[in-house]
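Have a look at the structure below, then the notes.
The values are calculated or read from the model by the stated rules, or taken from the named source; none is laboratory data. Please read all numbers here as calculations on a predicted model, not as lab measurements. Quick reminder, even Gly has a Cβ in these numbers, built from the backbone with ideal geometry, and neighbours come from all protein chains shown.
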Amino acid sequence: DTAVSQTPKYLVTQMGNDKSIKCEQNLGHDTMYWYKQDSKKFLKIMFSYNNKELIINETVPNRFSPKSPDKAHLNLHINSLELGDSAVYFCASSQTDRGRGNTIYFGEGSWLTVV
Amino acid sequence: GQSLEQPSEVTAVEGAIVQINCTYQTSGFYGLSWYQQHDGGAPTFLSYNALDGLEETGRFSSFLSRSDSYGYLLLQELQMKDSASYFCASLPAGGSYIPTFGRGTSLIVHP
């Protein structure tokens, strides 16, 4: 059973389109995340969300919006895609536990290419 | 804020021992984690140090010195499959508990 699953794995789309990436976790975790990994492999937090609070990285354009229908899902919607949005997007989850370092469990990634 | 520095690339031969360093600057800090990512794959958790000292997990060990704002990942008996990127991540004190990742170290293991 896949712990954190995201779809699609690969997405090629044109500039200006709107697209969504879906994410589900079956670990019972209380927090989910979206990370962006660029071509230089820098892992940048975009959003963190639990049933209490959405934390948004202030550098993320408002064209990106997380949508959480329930505790096990956190989808990423992107409006008006730009070339610079091409990257790998990782969904992740954790059970907030300061004592264990808040271990992050990542999905397999969604490779987004904007042409 | 949080910032972490680690070397961009390290090379070693099979069977050797390699150390990947991570220095951090943070306004508050719970601990340091390490993640491994193979090309085309997802980052996976390796270890976490909340206290100073060495944590050992099989061939991998991780060390933390809070007084020096420094940690390292030690990989012993290197195998070809250890070729991957390794990320240190700091867990900030207070509030979000969202780890901040370093830029990653690409480890290349040669036969």
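Flag: B:TYR72 matches the condition of being buried (at least 18 other Cβ atoms within 10 Å of the Cβ), within 22 Å of B:ALA12 (Cα to Cα), away from every other protein chain (no Cβ under 14 Å) and in contact with a strand residue (DSSP E or B) (Cβ under 6 Å, 6 or more places away or on another chain).
Cβ-Cβ distances below 8 Å connect the following pairs, each with a first residue in the stretch B:25-50 that is aliphatic (A, V, I, L, M), a second residue that is at pLDDT 90 or above and not in a strand (DSSP E or B), and a separation of six or more residues or different chains: B:ALA42/A:GLY107; B:ALA42/A:GLU108; B:ALA42/A:GLY109. Those residues that are closer than 20 Å to B:LEU4 by Cβ and surrounded by fewer than 19 Cβ atoms within 10 Å (Cβ to Cβ), I need them from the stretch A:1-45; list them, please. A:ASP38, A:SER39, A:LYS40, A:LYS41, A:PHE42, A:LYS44, listed by residue number. For the stretch B:15-38, give me each residue that is under 17 Å from B:TYR86 (Cβ atoms) and in contact with an Asp or Glu (Cβ under 9 Å, 6 or more places away or on another chain). If the condition is that a residue be under 17 Å from B:TYR86 (Cβ atoms) and in contact with an Asp or Glu (Cβ under 9 Å, 6 or more places away or on another chain), then B:ALA16, B:ILE17, B:VAL18, B:ASN21, B:CYS22, B:THR23, B:TYR24, B:GLN36 are the ones that fit. Evaluated against (1) closer than 24 Å to B:ARG103 by Cβ; (2) surrounded by fewer than 19 Cβ atoms within 10 Å (Cβ to Cβ); (3) touching a Ser or Thr at 6+ places or on another chain (Cβ under 8 Å); (4) at pLDDT 95 or above, A:LEU83 falls short on exactly one condition, (3).
Conditions: (1) within 12 Å of chain A (Cβ to nearest Cβ); (2) within 26 Å of A:GLY107 (Cα to Cα). B:ASP82 meets all but one. Number of the miss? B:ASP82 satisfies every listed condition except (1).
For (1) buried (at least 16 other Cβ atoms within 10 Å of the Cβ); (2) at positive phi, each residue gets a yes or a no:
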{"residue": "B:VAL10", "(1), (2)": "yes, no"}
{"residue": "B:GLN19", "(1), (2)": "no, no"}
{"residue": "B:SER33", "(1), (2)": "yes, no"}
{"residue": "B:TYR48", "(1), (2)": "yes, no"}
{"residue": "B:LEU51", "(1), (2)": "no, no"}
{"residue": "B:SER62", "(1), (2)": "yes, no"}
{"residue": "B:PRO92", "(1), (2)": "yes, no"}
{"residue": "B:TYR97", "(1), (2)": "yes, yes"}
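Counting only strands (runs of 3 or more DSSP E) that sit wholly inside the stretch B:1-52, those with at least 1 residues that are in contact with a Pro (Cβ under 8 Å, 6 or more places away or on another chain) and within 13 Å of chain A (Cβ to nearest Cβ) are B:2-5, B:31-37.
Would you be able to say whether some residue in the stretch A:79-88 is more than 30 Å from B:ALA93 (Cα to Cα), outside any loop (DSSP other than H, G, I, E, B), touching a strand residue (DSSP E or B) at 6+ places or on another chain (Cβ under 7 Å) and away from chain B (no Cβ under 14 Å)? Yes.
Candidates are the residues of the stretch A:18-44 that are under 24 Å from A:SER80 (Cβ atoms) and of a type in the set (Gly, Ala, Ser); the one that is nearest to the other protein chains (Cβ to nearest Cβ) is A:SER39. Taking the stretch A:44-67 as the range and being in contact (Cβ under 8 Å) with a residue 12 or more places away in the chain, over 11 Å from the mean Cα position of the chain (by Cα) and either outside any loop (DSSP other than H, G, I, E, B) or farther than 20 Å from B:ARG103 by Cβ (or both) as the test, the residues that pass are A:ASN50, A:ASN51, A:LEU54, A:ARG63. Does any residue of the stretch A:8-15 turn out to be modelled with pLDDT of 95 or more, of a type outside the set (D, E, K, R), under 20 Å from B:ALA42 (Cα atoms) and within 11 Å of the chain's Cα centre (by Cα)? Looking through the stretch A:8-15, none of the residues is modelled with pLDDT of 95 or more, of a type outside the set (D, E, K, R), under 20 Å from B:ALA42 (Cα atoms) and within 11 Å of the chain's Cα centre (by Cα). Going through (1) within 12 Å of another protein chain (Cβ to nearest Cβ); (2) in a loop (DSSP other than H, G, I, E, B) one by one, A:LYS71 falls short only on (1). Within this structure, B:SER62 passes the test of being within 14 Å of chain A (Cβ to nearest Cβ), free of Cβ contacts under 8 Å to residues at least 40 places away in the same chain and not in a loop (DSSP other than H, G, I, E, B).
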